[in-house]
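Okay, so here's the structure we're looking at.
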């Protein structure tokens, strides 16, 4: 190869490299655009999840508070029922004693 042919080959090679570099730049720009869109979507999803999660936690806390209040009320009702059962048992025992006394007297 003479110098002119070598120079032409070198110029062709440089032109191909410039074309390749230009294509790489274009692809890189597209990737950056897609990455930016993905970042935007990810941020929106994070915000949505955070808002949803916070709302759900608040609802759970409110439900827990209501359940705790209901449990207190159930405990009060249960105490009343237990007191009533104890009083009923005492009346029943007394009635049994009275019945047994009346039976003995009737015999």
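A few points about this structure:
- If the segment from residue 102 to residue 48 were pulled out straight at 0.36 nm per residue, it would be longer than the present Cα-Cα gap by 11.6 nm.
- Three-way shape label, the range 3-46, alpha-carbon gyration tensor, a/c 1.5: prolate
- With Cα atoms, 0 to 90° folded angle of helix 3-106 axis to the chain main axis: 0
- Listed candidates [x] -0.56, -1.06; [y] -0.81, -1.08; [z] -0.42, -1.23 - label of the one calculated as log10 I(q)/I(0) by the Debye sum over Cα atoms at q = 0.12, 0.21 Å⁻¹: [y]
- Of all the options 46, 69, 82, the one that moves most in a Gaussian network model of the chain with Cα springs shorter than 10 angstrom is 82.
- Here the label points at residue 20 and residue 69, each 7 Å from Cα along the C-beta direction, are separated by 7.4 nm in the simple model.
Computed from the coordinates by the stated procedures, all read-outs in this text should not be read as laboratory data. Note that the structure is predicted; figures quoted are calculated from it, not measured. Glycine also receives a Cβ, built like all others from the backbone with ideal geometry; neighbour counts cover every protein chain displayed.
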